[in-house]
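A short write-up of the structure that comes next.
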Amino acid sequence: MIKIAVYGKGGIGKSTTVSNVAAVFASQGLRVMQIGCDPKADSTVLLRHGEKVETVLDLVRTRKEDFTLEEMVKEGFAGVCCVEAGGPSPGLGCAGRGIIAALETLEKKGAYEKYRPNVVIYDVLGDVVCGGFSMPMRRGYADKIFVITSGENMAIHAAANIAMAVENFKDRGYAQLGGLILNRRNVKNEDAKVEELAEDIHSKVIGTLSRSALVTDAEEQKKTVIEAYPDSEMAEEYRILAEEIRTLCGI
């Protein structure tokens, strides 16, 4: 079982990218579990045609431990196992707590033994890299971390902070940085700026995604591009990215 954590600034297209990569893996016959680690709890909606998964934090809060694994893990497109950590109401608690609760509860209830995923993908909000948000970086969780960025200054700043967090944890045997994924916003000198970031953090750009109207069209259909437009050039870009991730992670 390979565990991957994908970080990135809010609004950078992280969940869309993760869901499409998960859809590629699942379509290739891999058993995939996608775990949304964002209080918005919308990481897996494209895999489930807009239907949300009840979050682990809500289940724990309302039912304590009196709920089943099947209530926490729901099936999505091509059999992807979908989980959402969830979070508190704004201003009423620590969002990282949802991530910690989700990961601990999955282990306690034997999710990995029951579903036996080949690949686990954590979709993690990247504006914050402390507390629960750093949980997927820790020993025993993710093996590799990938960071999604564009050439926009705030996205690059967030990506640099995430890379710094990974660097700070490396002596503890935590997850390693696998590389950057450029999700284009077509800003000036975008490729050069992201390549410069990769050089600064001693990493590389492992994949590039075009800014495409098909992504928005698929989202309006509440589907991934892989499902809605499987023969498109955009779908092929996701397949190329997924193949590179497979290679880097030894999947």
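For the reader, a short list of remarks on this structure follows.
- Selection status of I100, hydrophobic (A, V, I, L, M, F, W, C), open to solvent by less than 30 Å² (accessible area, probe 1.4 Å) and either in a helix (DSSP H, G or I) or touching a residue at least 40 places away in the same chain (Cβ under 8 Å) (or both): no
- Among (1) at pLDDT 95 or above; (2) in contact with a helix residue (DSSP H, G or I) (Cβ under 7 Å, 6 or more places away or on another chain); (3) surrounded by 15 or more Cβ atoms within 10 Å (Cβ to Cβ) - the single one L177 does not satisfy: (1)
- Among residues of the stretch 207-224, those that are within 16 Å of S43 (Cα to Cα) and assigned to a loop (DSSP other than H, G, I, E, B), counted: 4
Residue by residue, here is whether (1) more than 19 Å from the chain's Cα centre (by Cα); (2) buried (at least 18 other Cβ atoms within 10 Å of the Cβ); (3) within 18 Å of I12 (Cα to Cα) holds:
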{"position": "K193", "(1), (2), (3)": "yes, yes, yes"}
{"position": "E196", "(1), (2), (3)": "yes, no, no"}
{"position": "D200", "(1), (2), (3)": "yes, no, no"}
{"position": "K204", "(1), (2), (3)": "no, no, no"}
{"position": "V215", "(1), (2), (3)": "no, yes, yes"}
{"position": "A228", "(1), (2), (3)": "yes, yes, no"}
{"position": "D231", "(1), (2), (3)": "yes, no, no"}
{"position": "L241", "(1), (2), (3)": "no, yes, yes"}
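- Put simply, of T208, T224 the only residue that is touching a residue at least 12 places away in the same chain (Cβ under 8 Å), within 15 Å of G13 (Cβ to Cβ), among the β-branched types (V, I, T) and open to solvent by 30 Å² or more (accessible area, probe 1.4 Å) is T208.
- Flag if A142 is modelled with pLDDT under 95, surrounded by 17 or more Cβ atoms within 10 Å (Cβ to Cβ), part of a helix (DSSP H, G or I) and hydrophobic (A, V, I, L, M, F, W, C): no
- Of note, A41 does not satisfy the criterion of being crowded, with 23+ Cβ neighbours inside 10 Å and touching a residue at least 12 places away in the same chain (Cβ under 8 Å).
The values are calculated or read from the model by the stated rules, or taken from the named source; none is laboratory data. Small disclaimer: the values here were computed from a predicted structure and weren't measured. Reconstructed Cβ throughout: ideal geometry from the backbone, glycine too, with neighbour counts over all protein chains shown. Heads up: the accessible areas ignore ligands, DNA and RNA and are worked out on the full protein's heavy atoms, side chains in. Shrake-Rupley method; radii C 1.70, N 1.55, O 1.52, S 1.80 Å.
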